[in-house]
Amino acid sequence: MSGVCVIGAGMHPWGKWGRPFTAYGTAAARAALADAGADASEVDFVSGAATVRGGYPGFVAGAAFARALGWRGQQVASSYAACASGAQAIATARARLLAGLSDMALVVGAESAPKGFFAPLGGDRPDDPDWLRFRLLGAANPLYFALAARRRMELHGARPEDFAAVKAKNAAHGAANPMARYRKRTTAGEVLASPVVADPLHLLDVCATSDGGAALVLVREEDARRRGADAVRLAGLSAAVPEYPVAEPEMPYLAGDPPRAGNGA
């Protein structure tokens, strides 16, 4: 079976710009098309990724980006999978190319984030874990993920140094990317020396809410060869749920151990 290749990539600088998410996505898309040496008229599928913070256009990101780039009758798809939105949008485009339903796919992801902690959508939704943790527990993201980190420490022996190493790795990538919001290398020691936000997470462990966008141009492997493109083959891509998910809201238990079958709990 033929593979799928990236023949163009583009990005809008990340920061706090105060513009609509489509502005960042279209800038990234045009940069990706220029990098691929392709014209927008060649794109027959737009796979968009955004979040609900974009309002209704965020829910229909594929159409929102297609419109911003100029209607050309493209097929579209929209992905909203929180932090996995970009991977889901790429997977959708890859599957369509491999199925022979499209010849060139443009994958666009963008974010226009509010200042401060993310909040859930309005309204009462007692079956929504996000609503529960925000409205009933007051658990904004740093606290929520700190609880998950604490549980990982208890179950798997993770240490604050392990979490700090992730930030150090990410900062090294950012230092090499002219489009990154922060371009300063950070050591694990500096992370651990920063103020504690929600134990065991420090200030430098916490992701900043940022605006920006990124885009890829994808084609089948044989088409990349035919174009003579400087291509990168997608070797693998996956996003999956646990094999045995917990039926209760996905929040770390706040006290004690989870109930066990047969103990009357």
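The values are calculated or read from the model by the stated rules, or taken from the named source; none is laboratory data. All figures in this text were calculated on a predicted structure; none of them were measured in a lab. So basically every Cβ, Gly included, is an ideal-geometry build from the backbone, and we count neighbours across all protein chains shown. Ligands, DNA and RNA are excluded from the accessible area calculation, which covers all protein heavy atoms including side chains. Shrake-Rupley method; radii C 1.70, N 1.55, O 1.52, S 1.80 Å.
Data for the structure
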{"quantity": "Those residues of region 12-38 which are open to solvent by 60 Å² or more (accessible area, probe 1.4 Å) and of a type in the set (A, V, I, L, M, F, W, C), in sequence order", "calculated": "Trp14, Trp17, Ala34"}
{"quantity": "Meets criteria (of a type in the set (A, V, I, L, M), farther than 30 Å from Leu33 by Cα, loosely packed, with under 13 Cβ neighbours inside 10 Å and in contact (Cβ under 8 Å) with a residue 12 or more places away in the chain) for Leu137", "calculated": "no"}
{"quantity": "Single residue of region 119-134 satisfying the filter (surrounded by 15 or more Cβ atoms within 10 Å (Cβ to Cβ) and hydrophobic (A, V, I, L, M, F, W, C)) that is nearest to Ala198 (Cα to Cα)", "calculated": "Phe134"}
{"quantity": "Residues of region 109-133 that turn out to be of a type in the set (A, V, I, L, M, F, W, C), outside any loop (DSSP other than H, G, I, E, B) and at pLDDT below 85, as a count", "calculated": "2"}
{"quantity": "Search result, residues across region 227-238 that are part of a loop (DSSP other than H, G, I, E, B), surrounded by 10 or more Cβ atoms within 10 Å (Cβ to Cβ) and at pLDDT 85 or above", "calculated": "Asp230, Ala231, Leu234, Leu237"}
{"quantity": "Meets criteria (closer than 30 Å to Trp17 by Cβ, modelled with pLDDT under 90, surrounded by 13 or more Cβ atoms within 10 Å (Cβ to Cβ) and out of contact with any Gly (no Cβ under 6 Å at 6 or more places or on another chain)) for Ala175", "calculated": "no"}
